[in-house]
Amino acid sequence: MTSKKALEIIFSFIKKEAVIHATGYICRASQAVKDRPENFYMIGSMGIASSITLGVAIAKPKQKVIVLDGDGAVLMNMGSLATIGALRQKNLVHVVLDNESYESTGSQPSLTHIIHLEKIAKASGYVFSKKVTKPAELKNAMKTLLKKNGPAFLLVKVAKDNNAPYPRITATPEEITERFSRCL
């Protein structure tokens with residue numbers, strides 16, 4: 001499954017939920033698939049999208065808040081898994097697109113062909129944790145995921161996009177923040 005296909009499936013289930021996107025190709029692919037005011041595109045700081053999501057989830061406890069993260073970004077900020085697991089925000093959903101690489105920095109291999117992020121999330125205190133590899137599994141998981149109390153973690157195995165030509169985010173960080181804030 002490609003990242004684009006995974007994002008198309010994920011966004012088919014997302015309505016008005018706030019979505020924070022990891023920096024790099026996930027931002028760019030998400031913008032190409034479904035740009036919306038409820039999307040916050042993290043530009044420039046790899047690994048902190050889950051920390052931002054935790055802050056939004058704490059500030060808006062009655063609203064489901066989703067982070068679309070990458071395996072490389074998660075590996076750069078493993079401490080966020082423990083913090084999210086310990087704080088147990090019921091409204092937080094953590095979706096990781098795992099292509100086993102740091103694709104937006106040159107496709108260097110990550111360690112997720114050896115380690116299991118979904119097991120680390122569960123051990124860190126996430127209430128729900130699952131790995132999917134096929135589109136049908138992703139659809140079923142999304143149906144369940146958005147109804148469950150969290151924190152919830154979903155690892156989605158995807159193929160490398162080989163630097164698919166997604167356009168860069170053209171909005172400034174200030175414009176992204178202002179647009180996103182109006183939706184909260």
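None of the figures in this text is laboratory data; all of them are computed from the coordinates on show. Since the structure is predicted, the reported quantities are computational estimates derived from the model, not experimental observations. Counting neighbours? That spans all protein chains shown, and the Cβs are built from the backbone with ideal geometry, glycine included.
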Pull up all non-local amide H partners of S129: gap of 5 or more, or a different chain, and H-to-H distance under 5 Å with H placed in the peptide plane. F153
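Using just the helices of the chain, give the 222 nm mean residue ellipticity in deg cm²/dmol: DSSP H runs with n ≥ 4 each add -39,500 (n - 2.57), and the total is spread over all residues, rounded to 500. Kindly include the intermediate steps, with their values, before the conclusion.
Numbers: 8 runs with 77 residues, N = 184.
The helix-only estimate for the chain comes to -12000 deg cm²/dmol at 222 nm.
Quick one: net charge around S12, please, counting Lys, Arg +1 and Asp, Glu -1 for every other residue with C-beta under 12 Å from its C-beta. Before the final figure, lay out each step's value.
Numbers: positive: K5, K15, K34, K139, K143; negative: E8.
Net charge in that neighbourhood comes out at +4.
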Mind listing the long-range amide H neighbours of N91? Cut-off is under 5 Å, sequence gap 5 or more, other chains count too, H placed in the peptide plane at 1.01 Å from N. G150
Reported label for calculated volume of the Cα convex hull per residue in Å³ given (i) 120; (ii) 155; (iii) 97: (iii)
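Counting other beta carbons within 10 Å of each Cβ, put V19, V56 in order, fewest first.
Numbers: V19 25, V56 21.
Lowest to highest Cβ neighbour count: V56, V19.
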Please list, ordered by chain and number, the residues whose modelled amide H lies under 5 Å from the amide H of T2; skip anything fewer than 5 residues away on the same chain. A159
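Less than 13 Å Cβ to Cβ from T172, Lys/Arg counted +1 and Asp/Glu -1: what total charge do the surrounding residues give?
That works out to -1.
Could you grab the relative contact order for the range 3-183? Cα pairs under 8 Å, six or more apart, rounded to a whole percent. Show your work: numbers first, answer last.
Numbers: 345 pairs, mean separation 46.6, N = 181.
In percent, rounded to a whole number, it is 26.
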